[in-house]
Amino acid sequence: MSEREREVGSLSAPERRRRRGIATMFFLGLGALLAFVIIPKQNETVTFGFVMDKEWVAFHEWSVSSKTGSLGFAIVALLAALLAYLQFRARKTIRLASALFSFTFFMSFLCWAASGKFIPFTGLLQGGLLLSIPLIFGAMAGIISERSGVINIAIEGQLLAGAFASGVLASLTHRNWLGLIIAPLAGVLVSLLLATFAIRFAVDQVILGFVLNVLVIGITGFLYQRLLIPYQSTWNSGSTLNPIRIPILWKIPLLGPILFNQSIIVYLMYALVALITVGLFRSKWGLRMRAVGEHPTAAESVGINVNKVRFRNVLLAGAIAGLGGAYFTIGAVGTFGKQMTAGQGFIALAALIFGRWSPLGAVAAALIFGFANNLQSVLSITGTPIPSEFMLMVPYIATIIAVSGFVGRVRAPAADGVPYKRGESH
């Protein structure tokens, strides 16, 4: 056996997966160097704008030659991959190198794709955040439900129910805050059906989730045709929530107008992610949730009512998804449109898997989806020759790679989707 084979054989499974991920980064960086630099393309200047409103200005604009920018960022991406390879046992260094690689790889592509164009960089980031908001709410709902052991395919229906209820009530009362209150209740109603049939009657949770989605789509579609269209001025004429500027913070260059000049729904999302992250890993509630999702028999042996914990958490998940659904109406356009969620619940599920059932991981995945969606819109408007469909493929390809285990094993909670009857061992 050669020294190289002995070295590979001595690596643990996580270290081998880490090396495969580093190899992926290296080949992507090499591909960027070949595609964005060597492939002939008109070498014009690309300009990035960093000011949106009246925030403090650090950099107003930055212009760089398309070829120079592509080459420089591609080289830095390769150096980041090399650093990750040399320090593959240091997890913190790997994360830093991965973040540096992701940013420089993206900038190399952007310098090449936007040659001769103006890119509003701050607006690009803000649009990505806004498009990811319902995905983050949906992913948080999925985490609470699936960490408790119940597969939540019905996120799409919960989002749609929240969007419908908030839009209609806000239109009828002309008070957006009432729409914000009713949206979680609508999500809870959908979750009540999910919890009742999945937990008490042990119905197949995947099939049940799809049935609930179809049910909500049917009900909202029927009411949309019979009420919202004929009586639009009364039932479907709501407005949107006004943005709230956080004093001083909104003036921070680049990040200020993106993070701190948003509506109340966005600030609720910040608080929700923080609470779930802390609660999941540092509270009795989170400990019980993870226990019933991983080993319900052991949880029951220490006095935890497994199905009661699951039932409550599924309802909580529905409330969170319903609140996220309110963003589609009172948070974005004001009025309800038929099937306006457009599959965002399923994308939230993909973000959940990509993030490995971790709140921060799911947020990062949702941001990737939202940013990629906004990027294809911006590039289409600026007239780049790259087909917009290609940009929409990127986050899905990344999810397939994550689910396949190529860059790391993805494992759902052990008891996820497994009905539990008291006294039975699993």
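Sparse packing (at most 15 other Cβ atoms within 10 Å of the Cβ) combined with a DSSP loop state is found for the following trypsin sites (Lys or Arg not before Pro) in segment 113-183: Arg175. Okay, helix-only estimate at 222 nm for the chain: each DSSP H run of n ≥ 4 adds -39500 (n - 2.57), divide by all residues, round to 500 deg cm²/dmol; what do you get? Rounded to the nearest 500, the figure is -21500 deg cm²/dmol. Average projection, convex hull of the Cα set of the chain: 24.3 square nanometres. I'd like the antiparallel share, as a percent to the nearest 5, of DSSP beta bridges with both residues in the chain. Roughly 70 percent of the DSSP beta bridges within the chain come out antiparallel.
Distance between the modelled labels on Val214 and Leu82, one decimal in nanometres: 5.7 nm (7 Å Cα→Cβ projection). Mean-square fluctuation check for the chain, GNM, Cα pairs under 10 Å: which of Met140, Met393, Met289 is largest? In the Gaussian network model the winner is Met393. Screening the chain for whole DSSP H helices of 18 Å or more along their axis (Cα) with average Kyte-Doolittle hydropathy at least -1.0 returns 13-33, 66-86, 91-113, 121-147, 155-173, 176-195, 205-223, 264-282, 306-328, 359-382, 388-404. Gap in Å between the Cα centre of segment 55-100 and the Cα centre of segment 271-300? About 36 Å separates the Cα centre of segment 271-300 from the one of segment 55-100. Heavy atoms of the protein chains alone define the surface here; on that basis segment 263-399 has 42 Å² accessible area per residue at 1.4 Å probe size. Per residue, the solvent-accessible area of segment 95-188 (1.4 Å probe, heavy atoms of protein chains only, all protein chains present) comes to 28 Å². For the options Gly383, Gly49, Gly345, a Gaussian network treatment of the chain with springs between C-alpha atoms closer than 10 Å singles out Gly383 as fluctuating the most.
Placing +1 on the Cβ of every Lys and Arg and -1 on the Cβ of every Asp and Glu, with nothing else charged, gives the chain a dipole about its Cα centre of roughly 940 debye. Can you compute the label reach from Thr24? Point 7 Å from Cα along the Cβ direction, backbone N cut-off under 16 Å, restricted to segment 96-128. 96-103, 105-106, by backbone N distance to the label point.
Pairs of Cα atoms nearer than 8 Å and 6+ residues apart set the relative contact order; for the chain it is 24 percent.
DSSP assigns beta bridges within segment 24-155; of those with both partners inside it, close to 60 percent run antiparallel. Carbon-plus-sulfur accessible fraction, segment 244-311 (probe radius 1.4 Å, protein heavy atoms only): 71%.
Any idea what % of Cα-Cα pairs in segment 12-138 are farther than 19 Å?
Values: 4656 of 8001 pairs.
So the pairs more than 19 Å apart make up 58 percent of the total in segment 12-138.
The values are calculated or read from the model by the stated rules, or taken from the named source; none is laboratory data. Values in this document were obtained by computation on a predicted structure and should not be read as measured data. Don't worry about glycine lacking a Cβ; one is built from the backbone with ideal geometry, like all the others, and counts go over all protein chains shown. Keep in mind that these areas ignore ligands, DNA and RNA; they rest on the heavy atoms of the full protein, side chains included. Shrake-Rupley method; radii C 1.70, N 1.55, O 1.52, S 1.80 Å.
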